[in-house]
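Read the figures in this text as sums done on the coordinates, not as results from a lab. Just so it is clear, the structure is predicted and the values come from calculations on it, not from any experiment. Methodologically, a virtual Cβ is constructed for each residue, glycine included, from the backbone with ideal geometry; neighbour enumeration extends over all protein chains shown.
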Amino acid sequence: MVRPQGIGPRAVPGVDVLGKLKDMKPLTNMAKKKHLDKKDKLWAEAKRRCRLSAEDIRMAKEMGLNPRSLIKNIPSKSQPWKAPVRIWIRNMYDKRLAKAAKKKARREQTPKTAE
């Protein structure tokens, strides 16, 4: 594309040299609300498709799991060894709690050296 002479990148009002908008505004409340609505919809879909309770959802969120990862881990009929998502979440949560308890017990057991 041939640019007419005298028109450079600074000739466009509101755009800097790198082509970024100068007046970038932070997300409005409406945009934030739409983002939250999308997340809530994903969690609602995961709850429905994985047959999860509110407690299961709380545990999954606490562990930082993504609703899409829960949906992807739904066992198919050809995967009889795979536990249902609800049981998988609870087992993982219990393991993490046990690991944290062991770590805390080790810290308390180890004598602190006074310097």
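Neighbours of A44, meaning other residues whose beta-carbon lies under 12 angstrom from its beta-carbon, give a summed charge of +3 when Lys and Arg score +1 and Asp and Glu score -1.
Positive-end ranking of A98, P75, L52 along the dipole of region 29-107, with charges on Cβ about the Cα centre, is headed by A98. Gain on full extension, evaluated as 0.36 nm per residue between Q79 and K38 minus their Cα-Cα distance, stands at 11.7 nm. Length gained on full extension, I71 to R48: 7.3 nm, using 0.36 nm per residue less the C-alpha separation. Structural descriptor for region 29-107: relative contact order 28 percent, calculated from alpha carbon pairs under 8 angstrom and at least 6 residues apart.
Each label point was placed 7 Å from the Cα along the Cα-to-Cβ direction; for K99 and K61 their separation is 2.3 nm. Cross-link check: pairs K41/K61; K82/K103; K39/K72 evaluated at a Cα-Cα cut-off of 20 Å; pairs beyond the cut-off: K82/K103.
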